[in-house]
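Notes follow the structure.
The values are calculated or read from the model by the stated rules, or taken from the named source; none is laboratory data. If you're wondering where the values come from, they're calculated on a predicted model, not measured in any experiment. Counting neighbours? That spans all protein chains shown, and the Cβs are built from the backbone with ideal geometry, glycine included.
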Amino acid sequence: MLTDLVIDPFGADLREVVELAGVAEDAGFDGVWTFDHVSGSVAGQPWSRDPFVTLGAIAARTRRVRLGVLVANVVNRHPAQLASAVSSLQSLAPGRVMCGVGSGASPSSIFASEQLAIGRMIDPAAARCERLVEHVVALRAIWDRAPDGAPVHVEGEHVTMRGLTAVVSPGPTPPIVIGSSGERTVRVAAQIADGVNIRQSPRLAELVAIVHEVRASSDDGGAASPFEISVFDRLDPTHPLGGEADQLRELGVGARTLFVSPPYPLDAVAAVGSASSAHRGTAPGRAG
C-alpha cells in the first residue's frame, strides 16, 4: 500500500512546505499533495498558498514522489486553466503528476463561504456532479487533442470551450483522481476517473464496495485501465501505519493520503514515512 502526505499550506511559509516535502520523500512517502483554496479564512488562518506554485517548488526539491492537488475545485477553475497548470507541472516533474478534482463545496460545508466570497454559486449535489463530469470530459479532450493540435469543442451546461487549441504540451493525460465523501461522487469517479480519494468515515467500507461494484459492472469489468482507491485521513504519529493498514488493504484500498497542518511535525512525518516504507505491501490496490 502506498502512503502519501497531504500538506495543509494555510498560514505556512512556502519554504517550510518545501522542506516538509523533502523530508517526506527522504523518509519514504510515495506522494505529496496540497490543497486548493483561495482563502486561509476557511481554516482560521491569515492566508493560503497557490497549489501549483507550491507544487512547482516541491517538484524542484524532489525527484521521486508523485505530486498533485487534492483537490482542485472545479467550481473555481475552468478546465483549460487547470489543464495548463497541470501540464506546466508535468514539465517540471515528468511522469509524477496526478490531477485531483472535486465537485466544490456543499451548502453545509465550511468551504461554502470561500466560494460565495468570490462570486461562485453553491449548487445542489446533482448540479455539482454534472459540472464535475463535464470538467473531466473537457480535461481529457484537451490532452487527447494536443498531439495533432485539433480544436476542442465542449458545449455543456457548465463547461464551454469553442475551438480551443494550444493549451497543453503533447503527452499522456495525467491520472485523474476525484475526491469524494459520498455515494454520488464515488459512483462518478468509478465511471470516469482513474482513481478516487475517499475521506475516512464510518461509511468507508460501504463507499469502497460501491467503487468495486461500479467498476465490475462496466463493459470490460474494470480491466481496461488501472484504478486506485485512496483514503484521506490525518497523519497520526502514535500509529504510523494508521492502525488499520491491513484492513484497508483487504478492502482494496491502494493508498493512504495523510494530511498535516502547520506547525509541521518533521520528526513525526519522517517516522511515519519510514514505517510505511518498511511495511509496504505488494497489493496493487486496483479496483475492478
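Select from the stretch 1-45 the residues that are modelled with pLDDT of 95 or more and aromatic (F, W, Y) and write down the one among them that is farthest from S103 (Cα to Cα).
F29
Restricting attention to the stretch 141-157, report how many residues are crowded, with 18+ Cβ neighbours inside 10 Å and touching a helix residue (DSSP H, G or I) at 6+ places or on another chain (Cβ under 9 Å).
Of the residues in the stretch 141-157, 6 are crowded, with 18+ Cβ neighbours inside 10 Å and touching a helix residue (DSSP H, G or I) at 6+ places or on another chain (Cβ under 9 Å).
Quick check on the stretch 169-185. Is at least one of its residues surrounded by fewer than 21 Cβ atoms within 10 Å (Cβ to Cβ), on the phi > 0 side of the Ramachandran plot and among the small types (G, A, S)?
Scanning the stretch 169-185, I find at least one residue that is surrounded by fewer than 21 Cβ atoms within 10 Å (Cβ to Cβ), on the phi > 0 side of the Ramachandran plot and among the small types (G, A, S), so the answer is yes.
Give the stretch 216-236 a look and list any residue that's of a type outside the set (S, T, N, Q), part of a loop (DSSP other than H, G, I, E, B), surrounded by fewer than 18 Cβ atoms within 10 Å (Cβ to Cβ) and modelled with pLDDT of 80 or more, or say none.
Result: P226, D236.
Taking the criterion of being in a loop (DSSP other than H, G, I, E, B), aliphatic (A, V, I, L, M) and buried (at least 17 other Cβ atoms within 10 Å of the Cβ), would at least one residue in the stretch 7-22 satisfy it?
yes
When you scan the stretch 173-189, do you find a residue that is more than 30 Å from S84 (Cα to Cα) and either part of a strand (DSSP E or B) or among the hydroxyl-bearing types (S, T, Y) (or both), even just one?
no
Keeping to the stretch 3-23, report how many residues are under 11 Å from L258 (Cα atoms) and not hydroxyl-bearing (S, T, Y).
Matching residues across the stretch 3-23 total 5.
Restrict the check to the stretch 68-84 and report whether at least one residue is crowded, with 23+ Cβ neighbours inside 10 Å and farther than 20 Å from I192 by Cβ.
no
In this structure, is R140 farther than 18 Å from T34 by Cα, in contact (Cβ under 8 Å) with a residue 40 or more places away in the chain and out of contact with any Leu (no Cβ under 7 Å at 6 or more places or on another chain)?
Spelling it out, it is not the case that R140 is farther than 18 Å from T34 by Cα, in contact (Cβ under 8 Å) with a residue 40 or more places away in the chain and out of contact with any Leu (no Cβ under 7 Å at 6 or more places or on another chain).
Considering only the stretch 93-113, state which residues are in contact with a Gly (Cβ under 6 Å, 6 or more places away or on another chain) and farther than 14 Å from E134 by Cα.
M98, G100 - these are the residues of the stretch 93-113 that are in contact with a Gly (Cβ under 6 Å, 6 or more places away or on another chain) and farther than 14 Å from E134 by Cα.
Can you name the residue in the stretch 190-203 that is in contact with a strand residue (DSSP E or B) (Cβ under 6 Å, 6 or more places away or on another chain) and not acidic (D, E) and, of all such residues, is farthest from S103 (Cα to Cα)?
The residue in question is Q200.
Please verify whether S48 is of a type in the set (S, T, Y), outside any helix (DSSP H, G or I) and modelled with pLDDT under 95, treating the condition exactly as stated.
yes
Which of the residues spanning the stretch 100-136 are at pLDDT 90 or above, among the hydrophobic types (A, V, I, L, M, F, W, C) and within 18 Å of the chain's Cα centre (by Cα)?
Across the stretch 100-136, the qualifying residues are V101, C129, L132, V133, V136.
May I ask you to verify whether P202 is in a loop (DSSP other than H, G, I, E, B) and farther than 24 Å from Q90 by Cα?
So P202 passes the test.
Could you tell me which numbered condition A166 fails, if it satisfies all but one of (1) surrounded by fewer than 20 Cβ atoms within 10 Å (Cβ to Cβ); (2) at pLDDT 95 or above; (3) not charged (D, E, K, R)?
With (1) surrounded by fewer than 20 Cβ atoms within 10 Å (Cβ to Cβ); (2) at pLDDT 95 or above; (3) not charged (D, E, K, R) applied to A166, the lone miss is (2).
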